[in-house]
1. Among the lysines, select those whose C-alpha is under 18 Å from the C-alpha of Lys237, and discard any that sit fewer than 8 residues away in the same chain.
2. Scanning the chain for helices, which whole DSSP H stretches are 27 Å or more long along the axis (Cα) and average -0.5 or more by Kyte-Doolittle?
3. As I understand it, the dipole of the stretch 117-218 uses +1 on the Cβ of Lys and Arg and -1 on the Cβ of Asp and Glu, about the Cα centre. Which of Gly129, Gly140, Thr204 lies farthest toward its positive end?
4. Compute, for the chain, the length of the dipole vector about the Cα centre, with Cβ point charges of +1 (Lys, Arg) and -1 (Asp, Glu) only. Units Debye, rounded to 20.
5. Please list, or write none, the lysines whose alpha carbon is within less than 29 Å of the alpha carbon of Lys84, excluding same-chain residues fewer than 8 places away.
6. Which order, highest average first, do 124-132, 21-29, 53-61, 186-194 follow once you tally other Cβ atoms within 10 Å for each residue and take the mean per peptide?
7. If you plug each phi of the stretch 45-55 into the Karplus form 6.51 cos²θ - 1.76 cosθ + 1.60 with θ = phi - 60°, what whole-Hz ³J(HN,Hα) values come out, in order, with x for Gly and Pro?
8. Quote the relative contact order of the chain in percent (integer), defining contacts as alpha-carbon pairs under 8 Å separated by 6+ residues.
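Throughout, read-outs are computed from the coordinates displayed, never taken from laboratory work. Just so it is clear, the model here is predicted, and its values are computed rather than measured. Cβ: placed from backbone, ideal geometry, glycine included. Neighbour counts: every protein chain shown.
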Amino acid sequence: MTQVLKGIRVLDFGRYIAGPFCGTLLADMGAEVIRIEKVDGSEDRFLTPISETGEGGTFMQLARNKLGMTLNPMKPEGREIVKKLVATADVVIANLPPDTLKTMGLDYDSLKAVKPDIILTMISAFGRGGPYSNRVGFDGLGQAMSGAMYLSGTPEQPVKAWPPFIDFGTASFAAFGTLAALYEKQKTGKGQVVEGSLFNTALTLMNGTAIEQSALNINRVASLNRGQAAAPSDTFKCSDGWVLVQSVGGPLFERWTVLMGEPHWLEDARFKDDISRGENSVLISERMAKWCAERTSAEALAAMEEVRLPAGPVLSPQQVLEDPHIAAKGLFQPVDYPGMEKPAPLMRTPVELSDTPGEIRHRAPTLGEHTDQLLRELGYADAEIAELHAGRIV
């Protein structure tokens, strides 16, 4: 199978999710990605541990297809190793504040002095140029400061989404930018800086809401799962579980009125278009809730599928593992890891290419698994490598 990025070397100094998953996407497409961690292991290796040695589920996902190296670039000997690695690389990924990058010798000027055509993909909480530039932050900060949390939950209690979608979105945008920079480098021979930030991603995802607020000064408040710009759009409790229903546009609403036995609602001015239905969504949700309460989730979903109304069950994580669609498509690939009793179900590359798909070739590395191998490739003798270990440089 052809690997689109075969021959591209990436140094992944990423931490937590945004930087590492950018590297993961590139690795899935064939790039050689070297994950560089702290000597004792970076914090994200050990989040929500599931293996005997403490590695977590997110690390299993984000470090797949990568070589693992430990290194302390804050020490002079470590910065020398960084320079030698950079000389062999096409891309450096680092999601650290700009000042920290400079201290570690990972700022663009330092990298360009070693490899003039290097691409630096830098990811931070807020990006460069504003008063927040050197603030640190996680996914939740993007959700909180973009309006996303404010419009989730209830007016009394903002709610952060469980999955770190700002992190993963930032990683995806950064990978997109990195691919664009690699394409430009093919044409011109020049590298550049690719910059992503959690805040940029969050504002991108909430931009439509900001535009509406600017235009109409509408001052929306949170309404839990109930949509405000169309209806029915909400979660509903059946006799044995919950379902989500989302209807947008006149044809879907018409199907819903037939299903509910309320065709006269089509003549009601309160429901004449999406925004009107959104403004009166409490009435629509109340009608839908009554209908769902009288049925099992399977009965409700079957009836909605019959009229082609978009709906689905609210699944627990265990139910996700048992989902027949996931099994039929083979979306989870079982991957073994040392110290785990059974394989980890890793979600495959989320975008599917017909001719050159991404693939999971091997598991995440154990701590420092490929350090010695990579140092030998750089010309270090075994005695020198032993000294570097003794000095906790690697």
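1. Cross-link targets: Lys290.
2. Span-like helices here: 165-188.
3. Selected residue: Gly129.
4. Roughly 800 debye, rounded to the nearest 20.
5. By straight Cα distance, Lys84 reaches Lys6, Lys38, Lys66, Lys75, Lys102, Lys112, Lys115, Lys185, Lys187, Lys190.
6. Those peptides, ordered most packed to least, come out 21-29, 53-61, 124-132, 186-194.
7. Along the stretch 45-55, the couplings run 4, 10, 6, 6, x, 10, 9, 4, 8, x, 5 Hz.
8. Normalised by residue count, the contact order of the chain is 19 percent.
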